[in-house]
1. What distance in nm separates the two pseudo spin-label positions at ALA35 and GLU83, each 7 Å out from Cα along the beta-carbon direction?
2. Can you give the local net charge around LEU73? Use residues other than it whose beta-carbon is closer than 13 angstrom to its beta-carbon, Lys and Arg +1, Asp and Glu -1.
3. In 10 Å bins starting at 0, how do the alpha-carbon pair distances of the chain split up by percent?
4. What is the local net charge at PRO61, summed over the other residues whose Cβ is closer than 9 Å to its Cβ (Lys, Arg +1; Asp, Glu -1)?
5. Divide by every residue of the chain the summed helix terms, -39500 (n - 2.57) for each DSSP H run of at least 4, and state the resulting mean residue ellipticity at 222 nm, rounded to the nearest 500 deg cm²/dmol.
6. With θ taken as phi - 60° and the coefficients 6.51, -1.76 and 1.60, list the Karplus ³J(HN,Hα) couplings across region 84-95 in order, rounded to whole Hz; mark glycine and proline as x.
7. As I understand it, the value is the acute angle between the Cα axis of helix 2-20 and the longest principal axis of the Cα atoms of the chain; what does it come to in degrees, rounded to 10?
8. From the phi angles alone, apply the Karplus equation (6.51, -1.76, 1.60; θ = phi - 60°) to region 56-66 and give each ³J(HN,Hα) in whole Hz, x where the residue is Gly or Pro.
Amino acid sequence: AARREIEEQRASEVAGFLSRGGPASREMSAKPKFAIGDKVTALRMNPTHHTRLPRYLRGCPGEIVLHHGGHVLPDTNAHGQGENPQHLYTVRFAARDVWGGQANPNDFVHADLWESYLAAA
């Protein structure tokens, strides 16, 4: 009976927790692998688990434009495998590299991507 009361109490706290959110930034001792201006390629990957790497960016070349420091990796955290903090970057992709030759050559796609999604170009 006591266990059920605890579970019900936790369940009642979910809405409040979700509405407040929480910081996902984490201190990291590991140095970032990439710097602003570095050329990178989004990995071609087909995981069977959750990932925040959009399929349409996989294999595309890009450039690091911002470094956001360490952040929780959603891929592992969503599956109860720990926060596994990684460096998070904003990467700029030429629209033509993402959508093909019909895209405007002056357009870009920006995505916030974790370090494990990227390889040096």
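Bear in mind these aren't lab numbers, they're just calculated from the coordinates by the rules spelled out. Quick caveat: nothing in here was measured; it's all calculated off a predicted structure. Note that each Cβ is placed from the backbone with ideal geometry, even for glycine, and that neighbours are counted across all protein chains shown.
1. Placing both labels 7 Å beyond Cα along the Cβ direction yields 2.8 nm.
2. Around LEU73, the surrounding residues sum to -2.
3. Histogram of Cα-Cα distances, whole percents per bin: 12, 34, 29, 15, 8, 3, 0.
4. Neighbourhood net charge equals -1.
5. -6500 deg cm²/dmol
6. Each residue's phi maps through the Karplus curve to give 6, x, 9, 5, 10, 10, 8, 10, 9, 10, 5, 4 Hz.
7. 40 degrees
8. Whole-Hz 3J(HN,Hα) from phi for region 56-66: 5, 9, 5, x, 7, x, x, 9, 5, 10, 8.
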